[in-house]
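The values are calculated or read from the model by the stated rules, or taken from the named source; none is laboratory data. Everything quoted here is computed from the prediction, not taken from an experiment. Counting neighbours? That spans all protein chains shown, and the Cβs are built from the backbone with ideal geometry, glycine included. Ligands, DNA and RNA are excluded from the accessible area calculation, which covers all protein heavy atoms including side chains. Shrake-Rupley method; radii C 1.70, N 1.55, O 1.52, S 1.80 Å.
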Amino acid sequence: QVQLVESGGELVQAGGSLRLACAASGRTFGLYAMGWFRQAPGKERESVASINWSGRITNYADSVKGRFTISRDNAKNTVFLQMNSLKPDDTAVYYCAASQTIGALGNPPQYWGQGTQVTVSA
């Protein structure tokens with residue numbers, strides 16, 4: 001079992017940047033694939049980015065490629081999402097996710113955080 005707590009969501013102007021963080025409990029964080037999903041009002045939850053246990057393999061949704069970067073610090077049990085050049089379409093609740101696997105995160109993942117609101121104003 002792992003618990004995930006997100007932070008860093010806030011209101012930002014278009015073109016700005018935010019860095020989300022997700023702190024995970026447990027001593028086996030290094031064995032988990034991690035990722036970020038988001039859900040905008042009236043839309044389905046979608047995968048944004050994922051990273052494998054070692055940090056060497058990352059994947060991104062086409063809509064965020066070149067703007068968002070996922071990374072992890074296994075020593076601090078934390079995964080990050082650096083978001084640059086934000087657009088109003090990026091407005092959503094962002095959820096941290098984890099799966100205990102050395103493979104891909106999977107959809108749906110095993111564990112979810114509670115979410116953090118990101119709002120991008122025009």
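Among the residues of region 20-47, those identified as hydrophobic (A, V, I, L, M, F, W, C) and open to solvent by 20 Å² or more (accessible area, probe 1.4 Å) are 21, 23, 31, 40. Per the listing 17, 50, the residue uniquely surrounded by 15 or more Cβ atoms within 10 Å (Cβ to Cβ) and among the polar types (S, T, N, Q) is 50.
Beta carbons closer than 8 Å, at least 6 apart along the sequence or on distinct chains, pair a first residue in region 13-29 that is closer than 14 Å to residue 67 by Cα with a second that is among the acidic types (Asp, Glu) and open to solvent by less than 40 Å² (accessible area, probe 1.4 Å) for 20/6. Within region 64-110, being open to solvent by 40 Å² or more (accessible area, probe 1.4 Å), of a type in the set (Ser, Thr, Tyr) and not in a loop (DSSP other than H, G, I, E, B) holds for 69, 71.
Per-residue answers, yes or no, for (1) touching a Phe, Trp or Tyr at 6+ places or on another chain (Cβ under 8 Å); (2) among the polar types (S, T, N, Q); (3) at pLDDT 95 or above:
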| site | (1), (2), (3) |
| --- | --- |
| 37 | yes, no, yes |
| 41 | no, no, no |
| 49 | yes, no, yes |
| 60 | yes, no, yes |
| 101 | yes, yes, no |
| 105 | no, no, no |
| 118 | yes, no, yes |
